[in-house]
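Notes follow the structure.
Every number here is computed from the coordinates shown, using simple stated rules; none is lab data. Bear in mind the structure is a predicted one, so any value in this text is a computation, not a measurement. Cβ: placed from backbone, ideal geometry, glycine included. Neighbour counts: every protein chain shown.
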Amino acid sequence: MSENQKLLLTMSQKEVLRLEVMQKLSEKRLKQTQAIEILGVNLRHIKRLYKQYKTDGARGLISKRRGKPSNRKLPSSLKEMAIALVLEHYHDFGPTFANEKLVEIHGLRVSTTTLRTWMIEAKIWIPRSERGPKIHQPRYRRPCFGELVQIDGSDHPWFEDRAPRCSLLVYVDDATSKILEMRFVPAESTFTYFEATETYITKYGKPVAFYSDKHGIFKVNAKNAKGGDKLTQFGRALVDLNIGIIHADSPQAKGKVERSNRTLQDRLTKEMRLKEISNMRDGNAYLPTFIDDYNRRFGKVPLSNTDVHRPLQDWEQKHLDDIFCWQEDRTLSNNLTLKYDKRMYLIKESVETRKLRKKRVTVFDHHNGTIKIFYKNKELAYRVFDQLQRVDEQAIVDNKRLGVVLSYIKKKQNLRNEQRSKSCPKRYPLEYLAS
């Protein structure tokens, strides 16, 4: 090694700063109290560094651990054992899952981060940052009108700077790419989807299935949801109407409604600018005209001439408002009272209602503020005891297997239609059957 190479030192930025401070201390250009403030260490450590500098010069300030393995480094035999076990039993497991199995089955304990590093070095695991883009291959349209209807909400400054930002609910038929329903709303919520879906069904009938994203309005996303029937309020309403709902795994899976949203954000926004439409009321009044023009330009001819929309049954038509409302179960107290939405409701006392103490009842909360309380199929009379101000809160979610899923939904719907020919769900009144 040459003399120049011996004089060449590699120092970190922290060590360079220490060297400058020690040099100034040595030249009496800096006091120890100032050195303490600059380096952020105590007086004892300053004296130790200065002594090392005086003894060995700049080399004395360099960490003695540099270039040496860490004292916490795991033995190479442990790494080899872990990699061998992963290759043999868990080659397609993620690092977290593989680490759990190494602990549970083999008693081999390392951190998940360490195992992930080893698996990356061994080319067993590819980090997400190095993965290529996911491929989304196209699928064929559904053949029949009404077989699959894609729904989505688009939050956008629809009226530009003329009105506050709002959302547009869009219903697009998969077979024809036609827009079947649109509505401006302040924000996506269960009640706004209730109103839009009720309008759609009243106009066209019941589709086989809706195709949505995994928004909390459509899907219970809690991993370990306790209680309930694992359905959202919107999902429950569709079950009552015998309509299926399918959740897309990605935005690309429901590409028709996503592409429609992009077109609408361009065309609809500019059309309303030209027509000087500056609020949701006038916008909703204009939407039917825009939908007719949009469908004429961009609508497709379906592969089949069959319209698979189903008409509403008698009980569904009669109780459509009750289906599209918020429903929650409550238990009556011994005093025939229940609490809902910061109010206390007193059930009218009678010989029959006395038997309902500790029974489960269902509260029907309609979007217009009407409250109904039912026990099975009987509506209960009540009065409000605690008149607190009510607060209206809006709830702010394999593409290739659509055909199989829709076929399964159709079979279930046909079976339920046969069963419903004799009765309707117990949660709704049965006056029409008694007539």
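Could you pull out the trypsin sites (Lys or Arg not before Pro) across region 263-337 that fall in loop regions by DSSP (anything but H, G, I, E, B) with no more than 14 other Cβ atoms inside 10 Å? Before the final figure, lay out each step's value.
Numbers: sites: Arg267, Lys270, Arg273, Lys275, Arg281, Arg296, Arg297, Lys300, Lys318, Arg330; in loops: Lys275, Lys300.
Here the trypsin sites (Lys or Arg not before Pro) that fit, given the DSSP loop and packing criteria, are Lys275, Lys300.
State the extension gain, in nm to one decimal, for the chain segment bounded by Ala381 and Thr337, taking 0.36 nm per residue of separation less the distance between their alpha-carbons. Intermediate values should be presented prior to the final figure.
Values: separation 44, 0.36 × 44 = 15.84 nm, distance 1.16 nm.
The Ala381-Thr337 span can extend by a further 14.7 nm.
Among Lys123/Lys214; Lys178/Lys230; Lys339/Lys411; Lys230/Lys339; Lys230/Lys256, which pairs are too far apart, with a Cα-Cα distance over 30 Å? The partial results should precede the final answer.
Working: Lys123/Lys214 33 Å; Lys178/Lys230 32 Å; Lys339/Lys411 40 Å; Lys230/Lys339 23 Å; Lys230/Lys256 28 Å.
Those over the limit are Lys123/Lys214; Lys178/Lys230; Lys339/Lys411.
Roughly how many whole Å is it from the C-alpha centroid of region 140-163 to that of region 279-337?
Between the Cα centre of region 140-163 and that of region 279-337, the gap is 14 Å.
Return a whole-number percent for the relative contact order of region 154-209, with Cα pairs under 8 Å and 6 or more residues apart as the contact set. Spell out each step's value before the answer.
Details: 64 pairs, mean separation 13.4, N = 56.
Normalised by residue count, the contact order of region 154-209 is 24 percent.
Residues with beta-carbon under 10 Å from that of Ile201, excluding Ile201: net charge, scoring Lys, Arg +1 and Asp, Glu -1?
Value of the local net charge: 0.
Separation between the Thr96 and Lys410 pseudo-spin-labels, each 7 Å from Cα along Cα→Cβ, expressed in nm?
The modelled label-to-label distance comes out at 4.0 nm.
Relative contact order of region 149-298: what whole-number percent is it, with Cα pairs under 8 angstrom and at least 6 residues apart?
Normalised by residue count, the contact order of region 149-298 is 27 percent.
Find how much the distance from Val16 to Val41 grows on full extension, using 0.36 nm per residue of separation minus their present alpha carbon separation; answer in nm with one decimal. Working shown, then result.
Details: separation 25, 0.36 × 25 = 9.00 nm, distance 1.55 nm.
Length gained between Val16 and Val41: 7.4 nm.
If every alpha-carbon in the chain counts as one equal scatterer, what log10 I(q)/I(0) does Debye give at q = 0.06 1/Å?
Log10 I(q)/I(0), no solvent term: -0.51.
Hey, what's the per residue convex hull volume over the C-alpha atoms of region 149-298, in cubic angstrom? Intermediate results must be reported in sequence, preceding the final value.
Working: hull volume 17.1 nm³, N = 150.
Convex hull of Cα atoms, per residue: 114 Å³.
Restricting to Cα pairs below 8 Å that are 6+ residues apart, what does the relative contact order work out to for region 314-384? Please round to a whole percent. List each step's numbers first, then the result.
Values: 106 pairs, mean separation 23.4, N = 71.
Dividing the mean separation by the residue count of region 314-384 yields 33 percent.
Of all DSSP beta bridges located in the chain, what percent are antiparallel, nearest 5?
Approximately 85 percent, going by the DSSP bridge assignments.
Would you mind getting me the FRET efficiency between Lys355 and Glu418? Use the beta-carbon distance for r and R0 = 41 Å, nearest 0.05.
Calculated value: 0.75.
What share of the DSSP beta bridges in region 149-298 is antiparallel, in percent to the nearest 5? Provide the component values of the computation, followed by the final result.
Details: 14 of 20 bridges.
Given both bridge residues lie in region 149-298, the antiparallel proportion sits at roughly 70 percent.
In nm, give the distance between the simple-model label positions of Glu271 and Ser63, each being 7 Å from the Cα along the Cα-to-Cβ direction.
6.5
Tell me the Kirkwood hydrodynamic radius of region 13-61 in angstroms, computed as one over the mean inverse distance between distinct C-alpha pairs.
Working: mean 1/r = 0.0958 Å⁻¹.
Its Kirkwood hydrodynamic radius stands at 10.4 Å.
Sequence neighbours fewer than 8 away in the same chain don't count; with that in mind, list the aspartates and glutamates whose C-alpha is under 12 Å from Lys342.
Cross-link targets: Asp386, Asp392.
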